[in-house]
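For reference, the structure discussed in these notes is given below.
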There are 2 protein chains.
Amino acid sequence: MVAQSITAEGMTQVASKLDDDALKQPPSLTALVNLLADDMAQVNETIMARMTSDVPLIPQLAGHLITSGGKRMRPLMTLAGARIASPNTTSCSVAAIKLATAVEFIHSATLLHDDVIDESNMRRGQDTANALWGNDASVLVGDFLFARAFELMVESGNIDVLGTLSSASARITEAEIKQMTVAGNPDTRLEDYLDVIEGKTAILFAAAAASGARISGADEQITQAMHMYGLNLGLAFQIMDDALDYTADSAQMGKNAGDDFLDQKITMPVILAYQKANDEERGFWHRTIGDGNFAAEDFAKAQSILSHHKAIEASLEAATSYANKAKAALAIFDAPDQAELAQALAETAAFAAFRRT
Amino acid sequence: MVAQSITAEGMTQVASKLDDDALKQPPSLTALVNLLADDMAQVNETIMARMTSDVPLIPQLAGHLITSGGKRMRPLMTLAGARIASPNTTSCSVAAIKLATAVEFIHSATLLHDDVIDESNMRRGQDTANALWGNDASVLVGDFLFARAFELMVESGNIDVLGTLSSASARITEAEIKQMTVAGNPDTRLEDYLDVIEGKTAILFAAAAASGARISGADEQITQAMHMYGLNLGLAFQIMDDALDYTADSAQMGKNAGDDFLDQKITMPVILAYQKANDEERGFWHRTIGDGNFAAEDFAKAQSILSHHKAIEASLEAATSYANKAKAALAIFDAPDQAELAQALAETAAFAAFRRT
């Protein structure tokens, strides 16, 4: 496992170790992106076509976010699900392209609303939409993208898929609300954190992958395999994201490192460190992430405490464990004409637990 | 026409005239509400059942809005559409009940987001959700209700209806954004105002009514009749709403009279008065609703200018004209077993252009 090879104690050392690994060709999204490049080009065309509106602010604001270089991991899930479920085809159906676009719109809508709620001013290395156009516009354009996503799903014509993705959407918002209600409580149970990230991140990965398979006519077993793949991939991805908030710098992240800390968001590293904290450390967490009373050096101190308790390493191990579950779900795809895509999906899982951006 | 009988110049006189009419049994929602009482009881049950969540804040916040005594006009449209399209039945199908619930959830989601955007602190005579729980919770619970609405629509199982209501949802947000972009411009064209209110209000009335008919198996002609009924009813309703903002008091409205003025929202009375304004009045509108520079007596002065140009009376006439178009769309429902419901819908149209709350 990748995480077990990381034994350095401080954040700097972890970053340095990751850099060493990077030299040995770390896992990446490249194989998956290349295999699905033609389909993704169609998704990008559909994104541009379907965020148009007679109201000019909509494509301006939505375009600012959507064309800012996200990884498109969620629509990749849909495309991969569609292709692996009908491996003898060389491109996705129009319905699958529309579904993948819908998935990206749902994700973009949640990002717009998240940035309003977190009062973020930087994402993917750019000013956020709310920083440029204000909260009101971000709320409404998020609503627009969400509605547009449902229009696209309706056009895809499969009521099962509509059910999967509408339930996922409800679950995302429930998790975001739960996250808000546990914010500032460093004593949050690990299972509550996992419930939050399953809802806010992993469920959409799962629904995207399963819906792609289903729209290609996959049976229940294949659909469920893609669901489990996406779910575990999403968990690994979010745990890494939360760990990176304490290790990466702004240039790497494309957002402000330390944002979660200052937003009093309770994530795995903090929960693990709090469980091992002495009285002085407990006091520190309660003053900072609990009461929102921050001094200039507090983030560095938080990093030092996390390092001392190996909380980042333990988070990386958890991410790797979920990534391995995601890989295991791919075992069903053992036909020769599924091998290349299954391999790319396995590498994507490894990437989710390894990435540095 | 009701509006033509109103010749008094000042707001006080208009209000007094409306009071006189009230003594002669003004049109009301009572007939429609009574005819659909059993169905609406089921809708209310479904509302309560489907806004539950493991996250306690969701039913608390959603319930605060949804149980605060709204008129439920939009789900009434769906129930009426469902019943008039299959007049030999004595109750709506489960699918129609779910659709009506979905329509109320979509409406509630937009209200939650509207109140965030308008920074409103009072609705239906109560503190708004954002005033009580904060903007973040209102944004997220709005998203939840919207997602829940789509789950209900999926369960209703009709893909045509899903298309109608998802397109309506996209149109609502486009109109809200357009309204935001024209805010503060008293020189807004009447056609832009009408485009905004068609999108933000009338389209959901139309989609609600048409979807109800469709889910009962209505053909295109009947579905279209209910669409036209809902559309024109919605226009009448919103024009009245905008006029009332300059005439009603807070106790009557259940929200703050003058809110639109202070929010720099450009509505029909202002557009009509601006078109007839002299230089001094133009300066007044630009300083107040244009630049947001308000003095204590400005609302009274705005009322006085509107009165001088008979802008409220002209708005009431426009509302009445749309209400009459709504009534005309009902002509197709001429079977004996449709008569009672058609009559109640006609009275509802009259109510929309007459109501004082």
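Just a few scattered comments:
- Global size of the stretch B:58-120 as Cα Rg and Dmax, reported in angstrom: 14.0, 47
- Residues losing 30 Å² or more accessible surface upon assembly, the stretch B:36-75, compared with the chain by itself, 1.4 Å: B:Val55, B:Leu57
- Heavy-atom SASA rank of B:Ser156, A:Ser304 (probe 1.4 Å, accessible area, largest first): A:Ser304, B:Ser156
- Volume in Å³ per residue [convex hull over Cα atoms, computed for the stretch A:318-357]: 43 Å³
- Percent RCO, i.e. relative contact order, over the stretch A:41-157, from Cα pairs under 8 Å lying at least 6 residues apart: 31 percent
- For chain A, the longest principal axis of the Cα atoms and the long axis of helix A:73-85 meet at an angle of about 40 degrees.
- Distance between modelled label sites at A:Thr181 and B:Gln126, nm, 7 Å Cα→Cβ extension: 1.8 nm
- Solvent-accessible surface, computed for protein heavy atoms with a probe of 1.4 Å, shrinks by 10 Å² or more for the following residues of the stretch B:166-184 when the other protein chains are added to the isolated chain: B:Ser166, B:Ser167, B:Ala170, B:Thr173, B:Glu174, B:Glu176, B:Ile177, B:Lys178, B:Met180, B:Thr181.
- Alpha carbon convex hull of the stretch B:129-246, projected area averaged over orientations, nm²: 8.8 nm²
- Calculated label separations, B:Ala331, copies of the chain, 7 Å along the beta-carbon direction, nm: 7.0
- Across the stretch B:3-352, C-alpha contacts under 8 Å between residues 6 or more apart give a mean separation that, scaled by the residue count, equals a relative contact order of 22 percent.
- Taking a point 7 Å from the Cα of B:Asn34 along the Cα-to-Cβ direction, the residues of the stretch B:317-347 with backbone N closer than 12 Å to it are B:344.
- Basic side chains Lys and Arg get +1 at the Cβ, acidic Asp and Glu get -1 at the Cβ, and with that the dipole of chain B about its Cα centre reaches some 540 debye.
- Across every pair of non-identical alpha carbons in the stretch A:3-352, the mean reciprocal distance, once inverted, gives a Kirkwood radius of 20.7 Å.
- Centroid-to-centroid separation of the stretch A:194-221 and the stretch A:268-341 [C-alpha atoms, Å]: 23 Å
- Summed residue charge, Cβ within 14 Å of A:Asp160's Cβ, Lys/Arg positive, Asp/Glu negative: -3
- Rg [Å, one decimal], Dmax [Å, integer] - the stretch A:228-357, C-alpha atoms: 17.3, 58
- Loss of accessible area when B meets A, both sides summed, Å² nearest 100, probe 1.4 Å: 3200 Å²
- Contact order relative to length of the stretch B:202-357, as percent, for alpha carbon pairs under 8 angstrom and 6 or more apart: 30 percent
- Using a 7 Å Cα-to-Cβ projection, A:Thr30 label spacings across copies, nm, ascending: 7.7
- Förster radius 60 Å - calculated FRET efficiency between A:Lys276 and B:Lys71, Cβ distance, rounded to 0.05: 0.60
- Share of carbon and sulfur in the accessible heavy-atom surface of chain B [1.4 Å probe, %]: 48 percent
- The other copies place their B:Asp160 label points at 2.5 nm from this one, listed shortest first, where each point is 7 Å from Cα along Cα→Cβ.
- Accessible surface, chain B, averaged per residue in Å² (probe 1.4 Å): 37 Å²
- Placing +1 on each Lys and Arg Cβ and -1 on each Asp and Glu Cβ, with no other charges, gives the protein assembly as shown a dipole about its Cα centre of roughly 860 debye.
- Placing unit charges on the Cβ atoms of the charged side chains and taking the dipole of the protein assembly as shown about its Cα centre, the candidate lying farthest along the positive direction among B:Phe333, A:Leu35, B:Phe150 is B:Phe333.
- Taking all protein chains together, A:Arg74, A:Arg171 sort by accessible area into A:Arg171, A:Arg74, largest first [probe 1.4 Å].
- Relative to the dominant Cα principal axis of chain A, helix A:311-328 is inclined by about 20°.
- Positive-pole candidate from A:Asn293, A:Gln303, A:Leu316, dipole of the stretch A:286-329, charges at beta carbon: A:Leu316
- Once all protein chains are placed together, B:Ile332 keeps about 50 Å² accessible to a 1.4 angstrom probe.
- Against chain B, whose longest principal axis comes from its Cα atoms, helix B:339-352 is set at around 30 degrees.
- Kirkwood hydrodynamic radius of the protein assembly as shown, Cα pairs, Å: 27.2 Å
The values are calculated or read from the model by the stated rules, or taken from the named source; none is laboratory data. Just so it is clear, the structure is predicted and the values come from calculations on it, not from any experiment. With ideal geometry, Cβ positions are generated from the backbone for all residues, glycine too; neighbour counts draw on all protein chains shown. Note: areas computed on protein heavy atoms with side chains; ligands, DNA, RNA excluded. Shrake-Rupley method; radii C 1.70, N 1.55, O 1.52, S 1.80 Å.
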